[in-house]
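Note sheet for the following structure.
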Amino acid sequence: MSRNITYITGSELSSLVKRPNIAIVDVRDDERSTDGHISGSLHFASDSFVDKMPNLIEAAKGKDTLVFHCALSQVRGPKCARRLTDYLATMKEDVGIKNVMVLERGYNGWEASGRPICRCTEIPCKGGKA
């Protein structure tokens, strides 16, 4: 089953972010540790993403929607989202992921619009507002 990747705006995501079925997947590399991140997001850096896809599926257990982003969501975010959908298409079992999305304007757009960010160094992020 092929999944389409759709885009979601920051305002749409901010109204859904607290839902228990959504996971935000940050695929930025080193800049996550210096620039902060969206509270509660999972971190799977783009430079090692392909090797870590099984870990992402495990970390996202119980979630049916994954929202990918990088700094601007122009290259790394969409590329990793596509890689995951391709990988899911080869799997024999249904892992429950129904929607794969990309955050428009990425982390930079999220932060620039004044939405809450987290600067914790916990892995995974517990949603603190450090």
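The values are calculated or read from the model by the stated rules, or taken from the named source; none is laboratory data. This is a predicted model, so every value here is computed, not measured. Cβ sites come from the backbone with ideal geometry, for glycine too, and all protein chains shown count toward neighbours. Areas reflect the complete protein model, heavy atoms only, side chains present, ligands, DNA and RNA absent. Shrake-Rupley method; radii C 1.70, N 1.55, O 1.52, S 1.80 Å.
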Computed ³J(HN,Hα) along segment 5-13: with the Karplus parameters 6.51/-1.76/1.60, θ = phi - 60°, integer Hz and x for glycine or proline, the list is 9, 10, 9, 10, 7, x, 5, 5, 5
Yeah, segment 91-130 with a ≥ b ≥ c from its alpha-carbon gyration tensor (a/c under 1.5 is rounded, else prolate when a/b outruns b/c, oblate otherwise) is oblate
Rounded to the nearest 10 Å², the accessible area of ASP51 using a 1.4 Å probe with every protein chain kept is 120 Å²
Given pairs LYS61/LYS126; LYS18/LYS79; LYS63/LYS126; LYS79/LYS126 and cut-off 21 Å on Cα-Cα distance, the over-length ones are LYS18/LYS79; LYS79/LYS126
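In segment 72-130, which GluC sites (Glu not before Pro) fall in coil by DSSP and have 10 or fewer other Cβ atoms within 10 Å?
Those that pass, being in a loop and sparsely packed, are GLU93, GLU122.
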Taking protein heavy atoms only, a 1.4 Å probe, and rounding to whole percent, the accessible area of the chain owed to carbon and sulfur comes out at 50 percent
With only helices counted (DSSP H, runs n ≥ 4, each -39500 (n - 2.57)), the per-residue ellipticity at 222 nm for the chain, to the nearest 500, works out to -10000 deg cm²/dmol
Percent antiparallel among DSSP beta bridges confined to the chain, rounded to 5, stands at 5 percent
Residue-ordered couplings for segment 20-34, obtained by feeding phi - 60° into the Karplus form 6.51 cos²θ - 1.76 cosθ + 1.60 and rounding to whole Hz (Gly and Pro as x), are x, 8, 10, 10, 9, 10, 8, 10, 5, 8, 5, 5, 4, 6, 9
Among (i) 12.4; (ii) 13.1; (iii) 7.1, the entry matching mean projected area of the Cα convex hull in nm² as calculated here is (iii)
Counting only protein heavy atoms and rolling a 1.4 Å probe, one gets per residue an accessible area for segment 5-118 in Å² of 49 Å²
Cβ-Cβ cut-off under 13 Å around SER33, Lys and Arg +1, Asp and Glu -1: the net charge is -3
